[in-house]
Amino acid sequence: MSSDKEFLIVGGGMGGLVLALGLQKFCGIQPEVVDQAPGFGDGVGGAIGMYANGLQVIRDIDPELLKTLRKEGYDYIYRRWYRHDGTEVACADESLLTPPGSSDEVKKELTPIGIRRWKLQKALYEACVAAKIPIHFDHAVKEVVETDDGMHEIRFWQQDKSPMRAKYVFGADGVKSKVREAVIGSTEQNPEYTGVTCLMGASNVPRPVRGISFPSSVTTKCHMCTYPTAEDESIFQIYFPTPVENPDEWGMLSKEQEKKECIELADRLTKDGWDDQFVKPLREAIPGSVVRVGLRSREPVSTWVKGRMVLLGDAAHPPVPYIGQGAMMAIEDAGTLCRLIQNVCCDSGKFDETKFARATKLYQDLRLPRTAKILGSSHELGKTQQKRAESWIYNLYREYSIKLQVLLHGTLPIMIPGSTFDYAKAVDDLLAG
């Protein structure tokens, strides 16, 4: 393969692959992708929620791809809040997290779903393969260096991988982004541990009632999120305050370790009065699905663009899980960038490199405040969840607040700005203004 590329995407995760598909579809650009993974495997990893703002980008790129994702995922339909003993606090309608005024057909397309990460990744990868977008696996980026002739040299850790040169580089390479180092330098703030760890996994135990659920316990002092990804499959995520950071214990657990830890935690939750609907998935976790992670956070960087290098997704803004928008922000980034390049650089039907700087400046100007707002909402929601678990007085107040908000608005208003955002309208309004 040639070592010189016109457009190179570093990172073959969700954001990178959506960007690749969008650049080809909307801009007539044929990018290539490099990723450090040896390949994509079935049945590995956790799951995510997909919301209307991200699903809309997928639909605009390829309606058939959206149909595939909806088939591989599972509609939430409802959003429920519980006490740990199974008492339901409130129930919201997930269709309210679609754009206001949506027709029944659009609501059906864009209503939130839960989906296993590997199924999402596989669908995006297969779409790229069908579009003949080259994806180069097993390329772990060591550094990105600007060269005297205006190109970028991408160097890899593997000695048997020759460096690649690219004119345009898009950094979708996650929280440890090497492209970000090239954009803003390596002296950036390191992510800080938040004091919370999460044990998550999958189970073939179906939810007894439809919906994504949020039980909280002042006895165990933890909170949980559980949601369906198939009719007979559900995901559990249990968040614990853990003051001491211990990265050595993070990552995928061995099958022996995950069985022991899940059973011990299930016994503890049962002793503390948790309803069996929340405990049973732990006892019957799918072998090889359980992972422990420590939640880290950092301030988002304020510079996403340097010349012909552009950041998106976790490389630009840190993920926080509580509002379900981490992956959606990356997909939004990709959709926004593609639409701006299409309208600014390809308005004559052919890519005009002299207009790239304007397109990427508009991209940064639009995305910085948007992602900062959603990041702030995620932090706020996460704090309230943990405070529910730590204080019975606050929990009573919060239960009343949730009930009232759902009564008045149909759902928690804090969820609406993330999910109902229309990236295409935001771009069109920016260009028109």
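Just so it is clear, none of the values below were taken in a lab; they were calculated from the coordinates. Predicted model, so just to flag it, every value in this text is computed and none were measured. All Cβ positions, glycine included, derive from the backbone under ideal geometry; neighbour counts span all protein chains shown.
Tabulated results
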| item | result |
| --- | --- |
| Subset of Lys161/Lys255; Lys176/Lys373; Lys108/Lys306; Lys122/Lys306 violating a 28 Å alpha-carbon distance limit | Lys161/Lys255; Lys108/Lys306; Lys122/Lys306 |
| Per-selection metrics, region 1-49 (Cα): Rg and Dmax in Å | 12.8, 38 |
| Centre separation in Å (Cα based) which lies between region 401-433 and region 62-122 | 16 Å |
| Helix axis angle, 255-271 relative to the chain longest principal axis, alpha carbon, degrees | 40 degrees |
| Unsatisfied cross-links (Cα-Cα over 24 Å) in the set Lys178/Lys350; Lys71/Lys107; Lys67/Lys280; Lys132/Lys355 | Lys178/Lys350; Lys67/Lys280; Lys132/Lys355 |
| Stokes-Einstein translational diffusion, region 331-371 - Kirkwood Rh over all Cα pairs, 0.692 mPa s, 37 °C, in µm²/s | 321 µm²/s |
| Segment Ile393-Lys260, extension gain: residue separation times 0.36 nm, minus the distance between their alpha carbons | 44.5 nm |
| Rounded D (µm²/s) - region 113-199, Kirkwood Rh over Cα pairs, Stokes-Einstein at 25 °C, 0.890 mPa s | 155 µm²/s |
| Most mobile of Val244, Val205, Val34 in a GNM of the chain (Cα contacts under 10 Å) | Val244 |
| Separation between Cα centres of region 347-388 and region 209-286, rounded to whole Å | 32 Å |
| Region 391-403 - phi-based ³J(HN,Hα) in whole Hz, Karplus 6.51/-1.76/1.60, Gly and Pro as x | 9, 5, 5, 5, 4, 4, 4, 5, 4, 4, 5, 4, 4 |
| Kirkwood estimate for region 195-296, i.e. one over the average of 1/r between Cα atoms, Å | 13.7 Å |
| Shape metrics for the chain, restricted to C-alpha atoms - Rg then Dmax, Å | 21.7, 67 |
| Qualifying aspartates and glutamates (Cα of each under 13 Å from Cα of Lys260; at least 8 residues distant if same chain) | Glu284 |
| Residue (of Pro369, Gly410, Asn395) at the positive-pole extreme of region 357-427, dipole from beta-carbon charges | Pro369 |
| Residue of Pro287, Pro112, Pro243 that the Gaussian network model of the chain assigns the largest fluctuation, springs spanning Cα pairs under 10 Å | Pro243 |
